[in-house]
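Trainee: Attaching a single structure in structure tokens format; questions to follow.
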Amino acid sequence: MTRAPSVSVVIPAHKRPVELRRAIAAARAQDYAGSIDVTVVFDRAEPDMSLADEGDRPVRVLANQRAPGLAGARNTGILESTGELVAFCDDDDEWVPEKLTKQVGVLTRSPESPLVTSSIVINYGDHSTVRRAGTTTVTHDMLVVSRMSMLHSSTFVFRRSALLGSVGLIDEKIPGSQSEDWDILFRSSAVRPVLHVDEPLVRVLWGKSSHFSRNWETRIASSLWILDRYPEVAAHQRGSSRLMGQMAFAYASLGWRPEAWRWAARSLRADPLQWRSWLATGVAVVPRSSELVLGTLGRWGRGV
């Protein structure tokens, strides 16, 4: 019988104690046959050492030792981990019990693949929405067209050797650590197509408490970083239009009308059907309508 590879779970944490304990408990309660250890990395917050546990599935608590932000926290956890596989989980998300068993089973059958993901359930208030990818492999070209938000970072299970080698660590220079998950998907898919379990194996909490939910200036800066870093996105009509439409919406939400209209116009020249740009033009006129739009989309498990 093949031995199940060991898994190190990396959970970046800030100031969500209730959600964090739930995330840790779900990681330790996996029905997985292999060993599991959990590393909680506190970023710009005092580490809660009461979380540490030396049980069968131990929990370590660390402070971020690298660049402040999500990327540095994840890299701290990766470098301190000892498992053959490294799984990410955000501190406000929750795994279903069979997550690792199903994903690792797929990954072990493809020894050259660096990463496996899964679909998700989005919880927004009292609404729950399943988001599936409709595929079992995700290629680089698919990611150029769309970020594919159902490939959430809390679903990622990597070979640790790939993070230390062919794929590399999380890029700590991305503005505000936003779009770092898209970047690591790009880099992973450049090695091999990303494997995907098209079942909702993670419950993702959306809302105003989400890390990047309303950080508009960071969204804009990270989108510009993606366009500069990946010329294939900038050159793709649908892919670039989508990203520019998101930037237009961000500018509109900030009340920066000229920039919102400029980016919306650029987006619509590339793809006249890009709905994010049409939304942005309306929000630019009434910036407070941004919250209504986001709330409506969120209840259906969608974002801008």
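Taken together, the values in this text are just the output of simple stated rules run on the coordinates, not laboratory data. Computed from a predicted structure; not experimentally measured. Here the Cβ positions follow ideal geometry from the backbone for every residue, glycine too, while neighbour counts run over all protein chains shown.
Trainee: Would you please state the base-10 log of I(q)/I(0) at q = 0.16 1/Å for the chain, with intensities from the Debye formula using one equal scatterer on every alpha carbon?
Mentor: With one equal scatterer per Cα and no solvent, log10 I(q)/I(0) is -1.36.
Trainee: Placing +1 at every Lys and Arg Cβ and -1 at every Asp and Glu Cβ, with all other atoms neutral, what dipole size does segment 7-206 have around its Cα centre, in debye to the nearest 20?
Mentor: It comes to approximately 300 debye.
Trainee: Here's a follow-up. State which stretch of the chain is the longest one without any exposed GluC sites (Glu not before Pro), exposure meaning a DSSP loop state and at most 12 other Cβ atoms within 10 Å.
Mentor: So the longest stretch without any such site is 113-304.
Trainee: Here is a further query. Relative contact order for the chain using alpha-carbon pairs under 8 Å, separation at least 6, rounded to a whole percent?
Mentor: The value is 16 percent.
Trainee: If R0 is 51 Å, what FRET efficiency do you get for Arg229 and Ala52 from their C-beta distance, rounded to 0.05?
Mentor: 0.85
Trainee: Inverting the mean 1/r over all pairs of different Cα atoms, compute the Kirkwood radius of segment 216-299 and quote it in Å.
Mentor: So the Kirkwood estimate lands at 12.4 Å.
Trainee: In which sequence would Met49, Met150, Met244, Met142 go, from the one with the fewest C-beta neighbours within 10 Å to the one with the most?
Mentor: Met49, Met142, Met150, Met244
Trainee: If you don't mind, another one. Positive end of the dipole of segment 216-299, charges at C-beta (+1 Lys, Arg; -1 Asp, Glu), about the Cα centre: which of Ala250, Ala234, Ala280 has its Cα farthest in that direction?
Mentor: Sorting the options by dipole projection puts first Ala280.
Trainee: Now a separate question. With unit charges on the beta carbons (Lys and Arg positive, Asp and Glu negative) and the dipole taken about the Cα centre of the chain, which residue among Ser146, Leu169, Thr76 sits farthest to the positive side?
Mentor: Ser146
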